[in-house]
Amino acid sequence: MKYIIFVLSLFISSCLLGQFEDEKFGVISQKEIDMESYPEDPEAGAVVLFDKGQSVFFDYRGAYDIRFTRHKRIKIFDKSELDYAKVSIPFYEDGYDATEKVVSIKAVTYNFENGRIIKQELDPSTIYVERVNEKWRQKKFVLPQVKAGSIIEYEYVLETPFHFNLPDWTFQHKVPTLYSGYEVRMIPFYEYVFLAQGIEEFDHQESYVDERIRQWGDVNKVYGKNVGSGVEFKEYVHHYVMKDVPAFKDESYISSIDDYIMKLDFQLSKLHRPQGGTEAIMSTWPELNNDLLDNDHFGKYLKRSRRFAKKILEDELMLSDENPAGKAKKIIDFAKNSFKWNGHYDKYVSKSAREFYKTRVGNAADINLFVTALLRRAGLDADPVILSTRDHGKINANYPFAEFFNYVIVLIKGDTPFLTDATESQLSFNRIPPRCINQSGLLVEEDQENWVDLQLNIAATELHQILLSPNPEIGKLNYRVTLQTREYAAYRYRDNYVDDTAKLKSYFEDKLGKVSNVMTINYNKPGKPYIMVLQGEKEMEQLAGNLIIKPFMKLAINENRLTQDTRRYPVDLLYPRKELFNVSLDIPEGYAVSDIPEPDKVNDELVSIDVNYSKQGQILKVNGKYTLKKPLYQPSEYKSLKYFINQIVEHFKQDIVLVKQ
């Protein structure tokens, strides 16, 4: 992903390239009312007419907080985009009485009937707060009476005391955007770096000094330090504008839309003190590691966990003279079965080591840092690894900011190093969950910068053994499918369906037809294959007395989700994928195979495909397999990959025709 990197500092260019468009809340133009589609993208179900934001520093109780205002207007063309009426405003709480606040919201729906504008305002009593995790909340509301043809408009104000969290700005959406602009009014005490992701250049950009003099009160603080009275300063203003931004359409096989969408990200890098001197906020990776190891909620928790880890090893685990790998497995399996994850991501713990030892319930950091202490106490070489989960976005290794990370796992070193996450009981002890497979993680060691590859290049495998018995007299196809899954394929079924036969039946009936019986094997043995056996019947397609049968049913890839002609970003499959099919089709008495499809074999560095047919008496054997060999395909490989997946779809959808004799 290409970034343009800027520094917002005291030294600012004066290139005046344009002004924000002046749109007032509630003033709807006739052009907006008459708009029925967007000419540049006629298939779009909605268009963002404008999206404007502003961040300013304001004096609050002797310090400076940030006030962020957003004003957005959207035209809905089609009911497929009615979800744009559902608005969420995230805000952050640090857990120590500091919090962001959404201080105002106004929202209106405009409908048009008989030449009149019908205005429906949001009822404030319908706004509610939803907890996302330990530190994030979101205010949510739904604009009223939204339908195809409506215009919706909303504006909100958020105030934050967190200077590190200068609000970011997203220029691109899943529908086209006519105008998107962001204004940032800086004060000279805080310096930020920001990354312009996916943007070659702005349509308009201007930076200038606002000549008006601002002054702080008698006792003011910058970053917690008194600056004295009568400090005067000027604001440094930055405008960024993009027009006619295309929709972000192709979301198939990506880590997170936030990794590729056009946006600005901000990070506090320096503090300039009025009395003189500069404090670097952006340090180095070794310094960041040292700060973590000295943090009460990371390194000091890890140290305090040692004595509680010793109790568990002596009273509950009682390890024998096993080899290091055996010890590690026993400790990790114990943790998976004894500790309960509360579902919250974090790199910092939420409670003391003593409290976690007593309750055995906590977030990812509570659990995995305690497991690190257990492993170390048992004489194993283990260290924490911090990372950014897939939904949190990728890490830019050029900028050592702790905010990039939201999760911690464990690296066990030795002859065969491996990563583990004790929050996931449905994974083998030496695997991490898919949410953690995101580029690389930082190994937390004193005075060091070492990165750990989070990718495990082991194929997720599914083996399908399929027995098909047509019954022409009643027009039914009886089947028995034995599906043996390994690695992340097994985890996906275990995690999604939790061994619930009703859920499995519902899922497979779309692929197989009516499922009468489901049996599973090895659900509680994550190191072993997870096996599902399904039996049932489906209506059989017949034409002029002939039987038409799809030997692979709908179990193979039957649709290519890569639909764009080109792609700017990788195809991220998480891990290689391998699917095998062994099909036995009974040929009923009085029928014969009409035409056996041609076999096909492809094997290159991207994929392999192999399909062949053989007749053995009254049984037709169909064997097929395909492998997507890479976890990540680069944009330069996109067209070839798209072609090969089309080939898989074509070959694994082919019919077998049994002709009545």
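The values are calculated or read from the model by the stated rules, or taken from the named source; none is laboratory data. Note that this is a predicted model, so its numbers are computed, not measured. When we count neighbours, we look across all protein chains shown, and the Cβ atoms used for this are built from the backbone with ideal geometry, even at glycine. Side chains are part of the model used for accessible areas, which takes the heavy atoms of the whole protein and leaves out ligands, DNA and RNA. Shrake-Rupley method; radii C 1.70, N 1.55, O 1.52, S 1.80 Å.
State the extension gain, in nm to one decimal, for the chain segment bounded by residue 200 and residue 650, taking 0.36 nm per residue of separation less the distance between their alpha-carbons. Using 0.36 nm per residue and subtracting the Cα-Cα distance, I get 158.2 nm. Full extension of the chain between residue 619 and residue 449 gives 55.1 nm of extra length, using 0.36 nm per residue less the Cα-Cα distance. Using C-alpha pairs below 8 Å separated by at least 6 residues, the relative contact order for the range 61-182 is 39 percent. The Cα atoms of the range 360-500 give a gyration tensor whose axes a ≥ b ≥ c have a/c of 1.5 or more with a/b greater than b/c, which makes the shape prolate. Among the listed pairs 550/660; 394/625; 31/101, those whose Cα-Cα separation exceeds 24 Å are 394/625; 31/101.
Placing +1 on the Cβ of every Lys and Arg and -1 on the Cβ of every Asp and Glu, with no other charges, gives the chain a dipole of roughly 2020 debye about its Cα centre.
Of the residues 44, 489, 393, the one whose Cα sits farthest towards the positive end of the charge dipole of the chain is 489 (charges of +1 on Lys and Arg Cβ, -1 on Asp and Glu Cβ, taken about the Cα centre). Shown in residue order for the range 636-647 are the 3J(HN,Hα) couplings computed by the Karplus curve 6.51 cos²θ - 1.76 cosθ + 1.60 at θ = phi - 60°: 5, 9, 4, 4, 5, 4, 4, 4, 5, 5, 4, 5 Hz (x for Gly and Pro). Of the cross-linked pairs 249/528; 52/119; 270/630; 174/347, those separated by over 29 Å at the C-alpha level are 249/528; 270/630; 174/347. Accessible surface calculations at 1.4 Å, restricted to protein heavy atoms, place the chain at 47 Å² per residue.
Residues whose amide H lies under 5 Å from that of residue 340, counting only those 5 or more places away or on a different chain, are 361, 362; hydrogens are built 1.01 Å from N in the peptide plane. Here the extension length gained between residue 499 and residue 291 equals 70.6 nm, from 0.36 nm per residue of separation less the Cα-Cα distance.
Magnitude of the charge dipole for the range 463-608, about its Cα centre and with charges confined to Cβ atoms of Lys, Arg (+1) and Asp, Glu (-1), is about 680 debye.
Using θ = phi - 60° in the Karplus curve 6.51 cos²θ - 1.76 cosθ + 1.60, the 3J(HN,Hα) couplings for the range 597-614 round to x, 5, x, 8, 9, 10, 8, 9, 6, 8, 9, 9, 9, 8, 10, 8, 10, 8 Hz; x is entered for Gly and Pro.
From helices alone, the chain scores -4500 deg cm²/dmol at 222 nm; the rule is -39500 (n - 2.57) for each run of n ≥ 4 DSSP H residues, then divide by the residue total.
Per-residue 3J(HN,Hα) values for the range 304-310, derived from phi via the Karplus relation 6.51 cos²θ - 1.76 cosθ + 1.60 with θ = phi - 60°, read 6, 6, 4, 6, 6, 5, 4 Hz in sequence order (x marks Gly and Pro).
For the range 440-597, the ratio of Cα radius of gyration to the globular rule of thumb 2.2 N^0.38 Å stands at 1.37. Once backbone amide H atoms are built at 1.01 Å from N, residue 172 has 262 as its partners under 5 Å, excluding neighbours fewer than 5 places away on the same chain. Note on the range 84-159: with neighbouring protein chains present and a 1.4 Å probe, carbon and sulfur make up 46 percent of its accessible heavy-atom surface. Dipole check for the range 21-145: with +1 at the C-beta of Lys and Arg, -1 at the C-beta of Asp and Glu, and the Cα centre as origin, the magnitude is about 480 Debye. Based on the alpha-carbon gyration tensor of the chain and its eigenvalue square roots a ≥ b ≥ c, which shape applies: rounded if a/c is under 1.5, prolate if not and a/b is larger than b/c, or oblate? Oblate shape, in that a/c is at least 1.5 and b/c is the bigger or equal ratio. The largest accessible area among 652, 77 belongs to the first residue in 77, 652, and the rest follow in falling order (1.4 Å probe, all chains). The chymotrypsin sites (Phe, Trp or Tyr not before Pro) of the range 96-202 that meet both conditions, a loop assignment by DSSP and at most 11 other Cβ atoms within 10 Å of the site Cβ, are 96.
Largest accessible area first, the residues 315, 94 order themselves as 315, 94 under a 1.4 Å probe with ligands, DNA and RNA left out. Classify the range 352-423 as rounded, prolate or oblate from the Cα gyration tensor: take a ≥ b ≥ c as the square roots of its eigenvalues, call it rounded if a/c is under 1.5, otherwise prolate when a/b beats b/c and oblate if not. It comes out oblate by the Cα gyration axes. Once all protein chains are placed together, residue 87 keeps about 10 Å² accessible to a 1.4 angstrom probe.
For residue 101, what is the net charge nearby, where nearby means another residue's Cβ is under 11 Å from its Cβ and Lys, Arg count +1, Asp, Glu -1? Here the count lands on -1.
For the chain, the relative contact order is 10 percent, taking Cα pairs closer than 8 Å that sit 6 or more residues apart in sequence and dividing their mean separation by the residue count.
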